[in-house]
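The values are calculated or read from the model by the stated rules, or taken from the named source; none is laboratory data. Keep in mind it's a predicted model, so treat the numbers as computed, not measured. Here the Cβ is made from the backbone with ideal geometry for all residues, glycine too, and neighbour counts use every protein chain on show.
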Ligand SMILES: Nc1ncnc2c1ncn2[C@@H]1O[C@H](COP(=O)(O)OP(=O)(O)OP(=O)(O)O)[C@@H](O)[C@H]1O
Ligand SMILES: [Mg+2]
């Protein structure tokens, strides 16, 4: 029996009240290992919540299969599924104390009192709230309530925890703290986490792997480094981090011209084949601003249009002519140019991606 979660060709459509058909999930396949932290990342409306709800059993699939630890999950009643969900709006019981909130699921299962007491203490310890057992949710901060929600969801020792933007209501500082906490808790319990966010920084910080969704489809899945360094499409390159997309024309024999200036041979640019580039409707070169440097022996020439000093580094916008601009990030210590200066820019081909979709 296969461990972990497998989704195979899962599709789900909704009929909106206006009569429109919404394809919320379109042929989604995904594997999550039994101790993995997978982040689902994508813009609003791309299907993230729908995907979690189908795993949780709150939504039926139209087609496809879902397996968890070797069982057909989509044929298992929701309350029998070994998954638990944490929502953005903690959904704690307001009139129950912290310890009774955490014990709730175990009490429903009529577990022995001693076992419940022990498990609640263990969970309070895990989320570092041991002194808060007798409080009610209203007597706690947002971050503390979120940790109670997490403890409650983990108390039944699910095989997998589903988290739908659980940090969305927290301010930035608390959010960062909770990210570290979540990562620690996931590691120490070894339970698989499927975590939804539309924040790309959060995804990079948390995921063992990130699945990028757009319009109901997984467009790329990989480690944070793979997604950042080797985006598969313009959408991924643009959605994760800051990127420059420069127009490319295909000349012949594997040579390209970037932004009308830079002659480049495909051989140096990674793993795209020539036929794909030659037949594509449009071709772009993606390069991160921190991978472009000012260098006398450069590939592109332009004029500094804007500079912004941000402490550790300086953001430059360079006008390349023909209405094209490129963003460059320079170490503030090396900063030596001003608006109006002519500059030459160097880009290592191995730090670029040629994208055709
Ligand atoms: N019950 C429903 N009836 C009709 N359409 C729905 C229903 N639930 C979701 N949708 C539609 O399905 C699509 C996916 O919605 P979903 O809630 O999964 O998006 P999401 O990625 O979680 O977005 P967000 O980041 O805003 O939470 C959207 O276009 C949404 O309008
Ligand atoms: Mg959502």
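Which of the residues belonging to the stretch 116-138 are free of Cβ contacts under 8 Å to residues at least 60 places away in the same chain, under 16 Å from residue 189 (Cβ atoms) and surrounded by 13 or more Cβ atoms within 10 Å (Cβ to Cβ)?
Selection gives 119, 120, 121, 122, 123, 124, 127, 128, 129.
All but one of (1) over 22 Å from residue 329 (Cα atoms); (2) free of Cβ contacts under 8 Å to residues at least 60 places away in the same chain; (3) touching a strand residue (DSSP E or B) at 6+ places or on another chain (Cβ under 6 Å); (4) in the same structural domain as residue 351 (by TED's automatic domain parsing) hold for residue 283; which doesn't?
It is condition (2) that residue 283 fails.
Which of the residues belonging to the stretch 331-348 are in contact with a strand residue (DSSP E or B) (Cβ under 7 Å, 6 or more places away or on another chain) and surrounded by 11 or more Cβ atoms within 10 Å (Cβ to Cβ)?
We begin by selecting, within the stretch 331-348, every residue in contact with a strand residue (DSSP E or B) (Cβ under 7 Å, 6 or more places away or on another chain); these are 331-332, 335, 337-347.
Result: 331, 332, 335, 337, 339, 341, 343, 344, 345, 346, 347.
Sort out which residues of the stretch 43-66 are surrounded by 15 or more Cβ atoms within 10 Å (Cβ to Cβ), closer than 23 Å to residue 153 by Cβ and within 16 Å of ligand 2 (Cβ to nearest atom), and write them in order of number.
47, 48, 49, 50, 51, 52, 53, 54, 55, 56, 59
For the stretch 250-273, name all the residues that are surrounded by 13 or more Cβ atoms within 10 Å (Cβ to Cβ) and not in a loop (DSSP other than H, G, I, E, B).
250, 255, 256, 257, 258, 262, 264, 266, 269
Among the numbered criteria (1) away from ligand 2 (no atom under 16 Å from the Cβ); (2) assigned to a loop (DSSP other than H, G, I, E, B); (3) in contact (Cβ under 8 Å) with a residue 60 or more places away in the chain, which one does residue 96 miss?
The number of the failed condition is (3).
Which of (1) away from ligand 1 (no atom under 16 Å from the Cβ); (2) crowded, with 21+ Cβ neighbours inside 10 Å; (3) closer than 29 Å to residue 12 by Cβ; (4) touching a residue at least 60 places away in the same chain (Cβ under 8 Å) does residue 182 not meet, given it meets every other one?
For residue 182, the failing item is (4).
Which residues, taken from the stretch 32-42, are more than 14 Å from ligand 2 (Cβ to nearest atom) and in a loop (DSSP other than H, G, I, E, B)?
Residues of the stretch 32-42 that are more than 14 Å from ligand 2 (Cβ to nearest atom), as a first pass: 32-38.
33, 34, 35, 36 - these are the residues of the stretch 32-42 that are more than 14 Å from ligand 2 (Cβ to nearest atom) and in a loop (DSSP other than H, G, I, E, B).
Looking at the stretch 104-115, which of its residues are surrounded by fewer than 21 Cβ atoms within 10 Å (Cβ to Cβ) and either modelled with pLDDT under 90 or part of a helix (DSSP H, G or I) (or both)? Can you show your working first?
Let us first name the residues in the stretch 104-115 that are surrounded by fewer than 21 Cβ atoms within 10 Å (Cβ to Cβ), namely 104-105, 107-115.
104, 105, 107, 108, 109, 113, 114, 115, listed by residue number.
Of 163, 167, which residue is touching a helix residue (DSSP H, G or I) at 6+ places or on another chain (Cβ under 9 Å), part of a strand (DSSP E or B) and under 20 Å from residue 49 (Cα atoms)?
Numbers: 167 fails: part of a strand (DSSP E or B).
Just a single option satisfies the conditions, and that option is 163.
In the stretch 197-224, what residues are part of a strand (DSSP E or B) and without any contact (Cβ under 8 Å) to a residue 60 or more places away in the chain?
Residues of the stretch 197-224 part of a strand (DSSP E or B): 197, 209-214, 217-222.
The answer is 219, 220, 222.
(1) farther than 28 Å from residue 181 by Cβ; (2) within 9 Å of ligand 1 (Cβ to nearest atom); (3) exposed (fewer than 14 other Cβ atoms within 10 Å of the Cβ): which one isn't true of residue 80, the others all being true?
It fails just one condition, (2).
Applying the selection to the stretch 190-204, what residues are surrounded by 16 or more Cβ atoms within 10 Å (Cβ to Cβ) and away from ligand 2 (no atom under 16 Å from the Cβ)?
Passing the criteria: 191, 192, 193, 204.
Taking strands (runs of 3 or more DSSP E) that fall entirely within the stretch 308-357, which contain at least 3 residues that are modelled with pLDDT of 95 or more and in the same structural domain as residue 266 (by TED's automatic domain parsing)?
313-321, 324-331, 342-347
Could you go through the stretch 32-51 and let me know if any residue there is without any contact (Cβ under 8 Å) to a residue 24 or more places away in the chain and within 14 Å of ligand 1 (Cβ to nearest atom).
First, the residues of the stretch 32-51 that are without any contact (Cβ under 8 Å) to a residue 24 or more places away in the chain: 45.
Now drop any that are not within 14 Å of ligand 1 (Cβ to nearest atom), which leaves 45.
Yes.
Filter the stretch 160-174 for residues that are more than 16 Å from ligand 1 (Cβ to nearest atom) and modelled with pLDDT under 90 and give the result.
Kept after step one, since they are more than 16 Å from ligand 1 (Cβ to nearest atom), are these residues of the stretch 160-174: 160-161, 170-174.
Hits for the stretch 160-174 are 170, 171, 172, 173, 174.
Give the residues of the stretch 225-249 that are in a helix (DSSP H, G or I) and out of contact with any strand residue (DSSP E or B) (no Cβ under 6 Å at 6 or more places or on another chain), sorted by residue number. Please lay out each step first, then the result.
In the first step, residues of the stretch 225-249 are kept if they are in a helix (DSSP H, G or I); the result is 225-229, 234-239.
Of everything in the stretch 225-249, those that are in a helix (DSSP H, G or I) and out of contact with any strand residue (DSSP E or B) (no Cβ under 6 Å at 6 or more places or on another chain) turn out to be 225, 226, 228, 229, 238, 239.
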